[in-house]
Amino acid sequence: LMFRMQPLVYVGCALFAAAFLFAVITLPVEWDASARAKQHLVMAGIVSPDQEPQAGRVLNAAFLTYLAGAVSSLLTLLYFLFRAGLIGGGRSRD
């Protein structure tokens, strides 16, 4: 029923595209924040220089959660574009 309301489907796809765009824009910001945080943790004495590699791995893991979110957003967008017949050769309109 929902996919027969074509204007609503287009709005939904546009919103999912915006969510994906936001996730992609966030990636370099998070990467830079992780790099700066690693430096500040050492400079502030929160972690010792010998603990820096471990802290770096944790911060990289945090970045990977943002990357996973972006991939998930892309796959969700592609799914709904496919279901709406906007990609993948179209869908029967009956």
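Since every read-out is calculated from the coordinates, none of them should be taken as a lab result. Not measured: the values here are computed from a predicted model.
Quick notes
- The fraction of Cα-Cα pairs per 10 angstrom bin, counted from 0 for the chain, comes to 16, 31, 20, 16, 11, 6, 1 percent, rounded to whole percents.
- Distant-in-sequence amide contacts of residue 87, defined by a placed amide H-H separation under 5 Å and a gap of 5 or more residues or a different chain, comprise 82.
- Angle between the chain longest axis and helix 6-43 axis [Cα atoms, degrees, rounded to 10]: 10
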